[in-house]
1. Find the residue count for the stretch 86-106, including only residues that are more than 11 Å from the chain's Cα centre (by Cα) and under 10 Å from residue 16 (Cβ atoms).
2. Is it the case that the stretch 69-85 has a residue that's touching a residue at least 60 places away in the same chain (Cβ under 8 Å), assigned to a helix (DSSP H, G or I) and over 23 Å from residue 4 (Cβ atoms)?
3. Does residue 114 meet the test of being surrounded by fewer than 17 Cβ atoms within 10 Å (Cβ to Cβ) and under 21 Å from residue 40 (Cα atoms)?
4. Output the residues belonging to the stretch 86-115 that are at pLDDT below 90, touching a strand residue (DSSP E or B) at 6+ places or on another chain (Cβ under 9 Å) and not in a helix (DSSP H, G or I).
5. Step by step: first the residues of the stretch 86-106, then only those that are out of contact with any helix residue (DSSP H, G or I) (no Cβ under 9 Å at 6 or more places or on another chain) and in contact (Cβ under 8 Å) with a residue 24 or more places away in the chain, then the one that is farthest from residue 45 (Cα to Cα). Which residue is that?
């Protein structure tokens with residue numbers, strides 16, 4: 001498979017399973033990708049590291065966080081799908097939105113060897 005050019009990525013969105021993620025809600029997977037992007041000097045949005053809005057209730061967490069994620073996608077040059085993305089409804093929707101907006105979709109394996 002031909003490698004995709006990552007040199008034009010200024011801001012990437014990291015997408016993967018959070019509520020169904022491995023271990024601590026996928027924290028390790030998101031942090032590992034963030035570390036790779038930092039080494040590559042690519043700015044990123046890590047929704048897993050986002051602070052919850054003040055006064056949020058458990059019932060409205062998913063809705064509030066997903067709304068923020070969709071808004072963030074509009075500012076990104078790329079979306080990076082972590083290996084577990086297919087187990088997440090939210091990540092699947094984020095990928096679909098990115099494709100609709102013609103935002104290039106990358107996968108975790110395309111970055112692991114770059115750092």
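1. Qualifying residue count, the stretch 86-106: 3.
2. So the first thing to find is which residues in the stretch 69-85 are touching a residue at least 60 places away in the same chain (Cβ under 8 Å), and the list is 73, 75-85.
If we keep only those that are assigned to a helix (DSSP H, G or I) too, we end up with 73, 85.
Checking which are over 23 Å from residue 4 (Cβ atoms) leaves us with none.
No, the stretch 69-85 contains no residue that is touching a residue at least 60 places away in the same chain (Cβ under 8 Å), assigned to a helix (DSSP H, G or I) and over 23 Å from residue 4 (Cβ atoms).
3. Numbers: surrounded by fewer than 17 Cβ atoms within 10 Å (Cβ to Cβ): yes; under 21 Å from residue 40 (Cα atoms): yes.
Against the criterion (surrounded by fewer than 17 Cβ atoms within 10 Å (Cβ to Cβ) and under 21 Å from residue 40 (Cα atoms)), residue 114 qualifies.
4. Selection gives 88 alone.
5. Here the residue is 87.
The values are calculated or read from the model by the stated rules, or taken from the named source; none is laboratory data. Predicted, not measured: the structure shown is a model, and the values here were computed from it. Cβ: placed from backbone, ideal geometry, glycine included. Neighbour counts: every protein chain shown.
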